[in-house]
Amino acid sequence: MGAGGIGGIVAGTLAEVGAAVTAVSTNADIRAAVARDGFRLREEGEDRAVPGRVVAAPPPGERFDLVVLATQPPQVEDAARTALPALADDGNMIVLQNGLCEARIARIAGAERVIGAIVSWGASMPEPGLYDRTAMGGFTIGRMHGDPDDACRKVGALLEAIGPVAMTSNLLGARWSKLALNCAISSLGTIGGERLGPLSRVRRVRRLALEIMTEVVAVARKEQIRLEKVAGTIDLDWIALTDAEKKKVGSPGLTAKHALLLAIGVRYRRMRSSMLAAIERGRVPAIDFLNGEVVDRGKLHGVPTPVNAHVVALVHAIARGEERSSRALLDKLFDETRAP
């Protein structure tokens, strides 16, 4: 469900290894491009085309073992409702969206049919039917509660065609860690309007990212979440600013945290915010599923989240056409979020 950057790479790669894949997209240009030229996959300098099937809606009467939800978060619930009649009785829905979408899909399909998948790679769709993998990586998958089961392992084996798969018994902890990263990377990329590489070289941007993630970690702790390392390496409990670091301009600890963000920027230097792409296509950005989720839950727990709140307001202003993505807008965010 969904044939944008991530969905196109998943559908095309699975079709390439022999899976019986039907992709669903409401975009007529994507359907026409894939019907004409196949899924055109661009990965590490290699271009290839894979014949594929993209339709406007799940074909009546067909049943599927697996529904892959690959829309943007604002469309995920509608996508799940649309796909549910086509899901086999013993089938599963796998949630690829950023944010905390598994609970939303569980209310539609039942928790026992929901598998969460945290995506640690990037992709874009420069034009309909052309899918550019902008960062390598794999998946972390698991059930909403408990240990991964046979269905998770079967899905994991399928997804290995795309990238390495790790299993988790703490999906929520992994989700919150990825949420912290997305709240910084995707949102600041939307406000700045550039790819991650150039933005990560700006110290002010890295400081904003640290402050955003620190607020997310504070809310997660109130939610009694045990955070997992993102992609097995990024420790959100460590990267969150201490009280002393919030007041300092520089320290050995801060230097190490900035260095880690620089390394992330190098690894994902070609990644461009999917929220910005959504805005450019006239779609609703996923900000309320990311930073907005943190702000709302912070209010419930009495945890201040001023930087995330400013980010939400700016992204909505960009979507309304009241602001334009730029480094100057990032400077405005930085200046407006300094403690008086």
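Could you tell me the center-to-center distance, by alpha carbons, between segment 292-313 and segment 45-86 in angstrom?
Between the Cα centres of segment 292-313 and segment 45-86 lies a distance of 33 Å.
Subtract the Cα-Cα distance of R221 and D89 from 0.36 nm times their separation in residues, and report this length gain in nm to one decimal. Walk me through the intermediate numbers first.
Numbers: separation 132, 0.36 × 132 = 47.52 nm, distance 3.71 nm.
In short, 43.8 nm is gained.
Treat each spin label as a single point 7 Å out from the Cα along the C-beta direction, and report the A328 to M167 distance in nm.
It is 5.4 nm.
With +1 on each Lys and Arg Cβ and -1 on each Asp and Glu Cβ, and nothing else charged, work out how big the dipole of segment 173-336 is about its Cα centre, in Debye to the nearest 20. Walk me through the numbers before you get to the answer.
Numbers: 28 positive and 18 negative charges, 113 e Å.
Once rounded to the nearest 20, the dipole reads 540 debye.
Run through segment 31-61 and list the GluC sites (Glu not before Pro) located in a DSSP loop whose Cβ has at most 12 other Cβ atoms within 10 Å. Working shown, then result.
Numbers: sites: E43, E44, E46; in loops: E44.
Sites meeting the loop and neighbour criteria: E44.
What distance in nm separates the two pseudo spin-label positions at A35 and D65, each 7 Å out from Cα along the beta-carbon direction?
2.8
Report, largest value first, the span of the C-alpha coordinates of segment 271-333 along each principal axis, in whole Å.
35, 24, 24
Run the numbers for D149 and E46: contour at 0.36 nm per residue of separation, minus the present Cα-Cα distance, in nm.
My answer for the length gained is 33.6 nm.
Indicate the gyration tensor shape class of segment 168-293 (rounded, prolate or oblate), computed on the Cα atoms with a ≥ b ≥ c the square roots of the eigenvalues: a/c under 1.5 is rounded; otherwise a/b larger than b/c is prolate and the rest oblate. Write out the running numbers ahead of the final one.
On the way: a/c = 1.66, a/b = 1.15, b/c = 1.45.
Oblate, because a/c is 1.5 or more while a/b does not exceed b/c.
Based on DSSP H runs of at least 4 residues, each adding -39500 (n - 2.57), what is the mean residue ellipticity at 222 nm of the chain after dividing by all its residues, to the nearest 500 deg cm²/dmol?
Taking each H run of at least 4 residues, the total per residue is -14500 deg cm²/dmol.
Name the residue from I264, V294, A278 whose Cα lies farthest towards the positive end of the charge dipole of segment 246-311, charges +1 on Cβ of Lys and Arg and -1 on Cβ of Asp and Glu.
Going by the Cα projections, it comes out as I264.
Multiplying the sequence separation of D296 and D237 by 0.36 nm and subtracting their Cα-Cα distance, what value in nm do you get?
On the way: separation 59, 0.36 × 59 = 21.24 nm, distance 2.09 nm.
Stretched out fully, the D296 to D237 stretch lengthens by 19.1 nm.
Would you mind checking the tilt of helix 171-192 against the longest principal axis of the Cα atoms of the chain, expressed as 0 to 90 degrees and rounded to 10?
Between the helix axis and the principal axis of the chain, the angle is about 70 degrees.
Which FRET efficiency value, to the nearest 0.05, do you get for K248 and E336 by plugging their Cβ-Cβ distance into 1/(1 + (r/R0)^6) with R0 = 22 Å?
Values: r = 21 Å, r/R0 = 0.94.
Using R0 = 22 Å, I get an efficiency of 0.60.
Can you tell me the equivalent ellipsoid semi-axes for the chain? Use √(5λ) from the Cα gyration tensor, largest first, whole Å. Each step should come with its number before you reach the end.
Working: eigenvalues 217, 98, 68 Å².
Those come to 33, 22, 18 Å.
Longer than 20 Å from Cα to Cα, which of K178/K257; K178/K229; K222/K299; K178/K222 are they? Say none if no pair is.
none
Since every read-out is calculated from the coordinates, none of them should be taken as a lab result. In this text, all values refer to a predicted model and were calculated from it rather than measured experimentally. Neighbour counts are summed over all protein chains in view; Cβ atoms, including those assigned to glycine, are modelled from backbone coordinates with ideal geometry.
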